[in-house]
Amino acid sequence: MTPVVLLMGPTASGKSALAHALARRLGGEIVTADSAQVYRGMDIGTAKPDAAARAEVPHHLLDLIEPTEAYSAARFHRDAIAAVGAIRARGRVPIVAGGTMLYFKALTEGLSALPPADPVLRAALDVRAAQLGWPALHAELARGDPASAARLAPTDSQRIQRALEVHALTGRPLSSLQGVRAPAVALGATVVVALLPGDRARLHRIIAARFDAMLERGLVDELRLLRERYRLDPAMPSMRCVGYRQALEYLECGGEPHRLRERGIAATRQLARRQLTWLRSMDLETIDCFAGDVEATAAARVERALDAARRAVAPA
């Protein structure tokens, strides 16, 4: 069975470019592991691959849903497993690439054994939140599941709703169920390419330059057009994406453009810090994303895994 390449790293570490280069070199297709690139119309602020890149290398799990919808790790798990199977069936190399570490954890370790979403219950919680406010529902959560409430902000509507939903459906606090994992669907052989920056200051400079480029390309205008098409709310998962959250606040509250820039860069650096914490906790062999031979090093690692897989199925 062809190994799955799991290519992960913090934002601005060059994942997309490396995934593209490996796909061209090895005959691969890219499965995107990015919780922001699933949204249609959100192209600039998510650094979504352009039409030329997508024409040259097939990409999967982009543009799946509208910005008013939500996408979960459970759905990613199903979608990614299906995409990987189809890519293998075509005799090509699946490259799962992105920076949403929870998605990689779901693929390799499985998901918490939690009940699926209940649309009726969620609608009822939305009605109550509209009447009372999410801080009131957060206080309610604190009475039934203090551990979950302690790690959530009183305005984190999506996670408060999920915790209350799980408690209502199971009679147990979400915090008591999260350590219980359903078995992961076997991916078969995998090879990990984990990028880490050897120079943190350089990563910060790239983050700043990239956010400046997004502003120049029209991030604010892109969001303005999306607001004309959809009824967007700051509590929606799409509008909590880094860059869009700051741009939405800028459009709704006004302020100076330099303030938008400062807040967007700071939020992106915080995202990178969280991603690095995830990566270090996974105890992986890493590659310095700023090394001059990063593509050759990554390709050699993947090619060794591919060769081993071929030898394993070759007739004696």
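No lab work stands behind these numbers, since they all come straight from the coordinates. If you're wondering where the values come from, they're calculated on a predicted model, not measured in any experiment. Counting neighbours? That spans all protein chains shown, and the Cβs are built from the backbone with ideal geometry, glycine included.
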Of HIS204, ALA83, ILE265, farthest towards positive along the dipole that unit charges on Lys, Arg, Asp, Glu beta carbons give the chain: ALA83
Of ALA36, ALA129, ALA97, farthest towards positive along the dipole that unit charges on Lys, Arg, Asp, Glu beta carbons give the chain: ALA97
Candidates ILE87, ILE30, ILE95: whichever shows maximal mean-square fluctuation once the chain is modelled as a Gaussian network with Cα springs under 10 Å: ILE87
Dipole in debye (nearest 20) - the stretch 175-316, about Cα centre, beta carbon charges: Lys, Arg +1; Asp, Glu -1: 320
Modelled FRET efficiency - R0 30 Å, ALA17 with THR108, Cβ distances, 0.05 increments: 0.80
Projected label distance in nm at ARG24 and GLN158, using a 7 Å step from Cα toward the beta-carbon: 3.3
Cα-centre dipole for the chain with unit charges at Cβ (Lys and Arg positive, Asp and Glu negative), debye to 20: 480
Sequence-distant residues sharing a close amide H with GLU29 (under 5 Å, placed H): VAL93, ILE95
Estimated dipole of the stretch 153-238 in Debye, rounded to 20 [Cβ of Lys and Arg +1, of Asp and Glu -1, Cα centre]: 180
Fully extended contour minus Cα-Cα distance, from ALA201 to GLU69, at 0.36 nm per residue: 43.9 nm
Neighbour-count order for ARG311, ARG304, fewest beta carbons within 10 angstrom listed first: ARG311, ARG304
Alpha-carbon centroid distance for the pair the stretch 1-60 / the stretch 234-304, whole angstrom: 15
Fewest-first ranking of ASP199, ASP145, using other Cβ atoms within 10 Å as the exposure measure: ASP199, ASP145
More than 19 Å apart - percent of Cα-Cα pairs taken over the stretch 159-244: 70
Shape of the stretch 119-177, Cα gyration tensor, a/c cut at 1.5: oblate
Residue of PRO119, PRO94, PRO257 that the Gaussian network model of the chain assigns the largest fluctuation, springs spanning Cα pairs under 10 Å: PRO119
Computed [θ] at 222 nm, deg cm²/dmol, the chain (DSSP H ≥ 4; -39,500 (n - 2.57); rounded to nearest 500): -17500 deg cm²/dmol
Principal axis dimensions, largest first and in whole angstrom, of the chain by Cα: 69, 48, 34
The stretch 5-117 shape via C-alpha gyration tensor axes, a/c threshold 1.5: oblate
Relative contact order, percent, the chain [alpha-carbon distance under 8 Å, six or more residues apart]: 28
Top of VAL220, VAL84, VAL166 by mean-square fluctuation, Gaussian network on the chain, Cα under 10 Å: VAL166
Anisotropy class of the stretch 1-53 from Cα gyration tensor, a/c 1.5 cut: prolate
Distant-in-sequence amide H partners of THR190 (H built 1.01 Å from N, under 5 Å): VAL4
